[in-house]
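Taking it in order: structure first as structure tokens, then the write-up.
The values are calculated or read from the model by the stated rules, or taken from the named source; none is laboratory data. As the structure is a computational prediction, the values presented were derived from the model and not from experiment. These area figures cover heavy atoms from the full protein model, side chains too; ligands, DNA and RNA do not enter into them. Shrake-Rupley method; radii C 1.70, N 1.55, O 1.52, S 1.80 Å.
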Amino acid sequence: MKLLHMKLLRIKIMTLLAYTPTVNEGEARNLFSGFMTPLTSFLLFGIPPLTVVAGMVAGWRYFQLTEEEREQRPLGKSLTSIVKWAIVLYAFPVILRVFGLY
């Protein structure tokens, strides 16, 4: 009886191994590319103007602060942070191409 269960288990395992689904890499790349093309276009053409707008907003908010608050939150620190994020986001498509993901 035990031998029969072992044989049935072996047959089930072999059947599962024979019909294991595989990933269609070409279709996955096409799907990924369909999402990444608009995103990279936005990043390449949208980030520079958005950086300028964010810098202008940061400057506007800085000039609305009192003198004491200006000392606590200098404008240069805010602008540096905005530019760093812009560089990282602008480099995202390049990073994807370096690793062969896009």
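Whenever you get a sec, compute what percent of the accessible area on the chain sits on carbon and sulfur atoms (1.4 Å probe). Exposed carbon and sulfur together represent 70 percent of the surface. Calculated mean residue ellipticity at 222 nm for the chain: -29500 deg cm²/dmol, from DSSP H runs with n ≥ 4 weighted as -39500 (n - 2.57), summed, divided by the residue count and rounded to 500. Shown here: semi-axes √(5λ) of the Cα gyration tensor in Å, derived from the displayed model; of the candidates (i) 38, 16, 12; (ii) 20, 18, 16; (iii) 57, 20, 10, it corresponds to (iii).
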